[in-house]
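Heads up: the structure comes next, in structure tokens.
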Amino acid sequence: MNLTRFLRLSAHLQLLPLLESGEETLVGGQAVMEGVMMRAPHSYCVAVRKPDGNLVTAQQPIARMSEKYPFLKFPILRGIGTLGQAMTLGAKALHFSANAALSEVEEAPELTSRMMFGAVAFSVLMMIVVFKFLPLFLATQLGHLVPQLSSRFATNMTDGVIRMLILLVYMFLLSQMKDIRRVFQFHGAEHKVVFNYESRQPVTVENAQKFTTFHPRCGTSFILVVFAIAMIVYAFLPVDNFWLKFAVRIALLLPISGLSYEVIRFAAKRQGTLMGALTAPGLWLQRITTKPPDDSQAAVAIHALEGAMELEAKQGGELVIA
């Protein structure tokens, strides 16, 4: 795999937490390269439009994490389990879409599991460096230069603000890339089709295009809540050593993610209330991470949803509409 393709794949992998949406009892999805992955509680389907215009799909039954591991039914733990499964399925869907969307264009060899693992490892490392190490390092250095920002509380709050700014700049810069912009269009298509499905209207391109691209259960909203909760938690940690602070941030990543999942899950069901306002910043940021799709992109999302629903029905699954 050449360097350009590796970096492009890594960029897509780093976007997974921002593009993923849904939970165990609801329909959700995720944008991938030239396509959409849709999932139901017991199935998922990824649909990708190849360079020649044909649609290819991959379907697979899945088990709820809480069914496989009953202890994951409890709050916070269920969030960790659901998010872990979502990231795994997302990486698998991206692997499929990369081979379908890029191989013919670039005449490159098929992306193997080993190549995918390398890209995932690189992406995780980059995310830790960019969103954990770098903000803490800059906040610490700023504290040395500005005495008013040198206290434990001030340093941790500054760290959180820098992390938010890095995210915004990072998202904006990625959105300027042509292929990432297309992913954001497929992200918008996924949201429109999910809204169409939840409205109980017939799921068609015409109906889907009537809905907004901003969805409260989007991974974009989730990431902002993670950052906000992390800022509060880190500010009160009784730790002063730089490397210990860094280690604690890594250790608390999963618990904070689980807590954030519960907050988003609760707030998404209470739109129009004070609690529902917690999703507002994520909806604002979706102006970057979602773009209006064209009809062909909406059709791909519908095809993915139909594949997931067909497989769900064969397994006797029942859906709960939010």
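Mind listing which trypsin sites (Lys or Arg not before Pro) in the stretch 186-225 are in a DSSP loop and have 16 or fewer other Cβ atoms within 10 Å?
Listed in order of number, the matching sites are Arg200, Lys210.
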What shape does the stretch 125-260 have by the C-alpha gyration tensor, where a ≥ b ≥ c are the square roots of the eigenvalues, rounded means a/c under 1.5, and otherwise prolate means a/b greater than b/c and oblate the rest? prolate
For the stretch 90-182, divide the Cα radius of gyration by the Kirkwood radius and give the resulting Rg/Rh value with two decimals. 1.17
Would you calculate, for the chain, the mean residue ellipticity at 222 nm contributed by helices, counting each DSSP H stretch of 4 or more residues as -39,500 (n - 2.57) and dividing by all residues, to the nearest 500? -20500 deg cm²/dmol
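Got the relative contact order for the chain handy, in percent, Cα pairs under 8 Å and 6 or more residues apart? All intermediate terms of the calculation are to be shown ahead of the outcome.
Values: 507 pairs, mean separation 90.4, N = 322.
Answer for the chain is 28 percent.
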With Cα atoms, 0 to 90° folded angle of helix 113-128 axis to the chain main axis: 40
What longest region of the chain stays clear of GluC sites (Glu not before Pro) that DSSP places outside H, G, I, E and B and that have at most 11 other Cβ atoms within 10 Å? 111-317
Would you mind telling me which residue in Gly188, Gly219, Gly258 has the biggest mean-square fluctuation in a Gaussian network model of the chain, where springs connect alpha carbons within a distance under 10 angstrom? Gly258
How do Ile62, Ile128 rank when sorted from fewest to most other Cβ atoms within 10 Å of their own Cβ? Ile128, Ile62
Working from Cα positions, state the angle (0 to 90°, nearest 10) between the long axis of helix 77-106 and the longest principal axis of the chain. 60
Taking only pairs that are 8 or more places apart or on different chains, how many Lys pairs in the stretch 3-314 have Cα atoms under 28 angstrom apart? 29
Between the helical axis of 152-175 and the dominant principal axis of the chain, each derived from Cα atoms, what acute angle in degrees is found, rounded to the nearest 10? 30
Please work out, to two decimal places, the log10 of the ratio I(q)/I(0) at q = 0.11, 0.12 Å⁻¹ from a Debye calculation in which every Cα of the stretch 3-314 carries one identical scatterer. -0.68, -0.81
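Each value in this text was obtained by applying a stated rule to the coordinates, not by laboratory testing. Bear in mind that the values here come from a model prediction, so they are computed numbers and not experimental data. Glycine also receives a Cβ, built like all others from the backbone with ideal geometry; neighbour counts cover every protein chain displayed.
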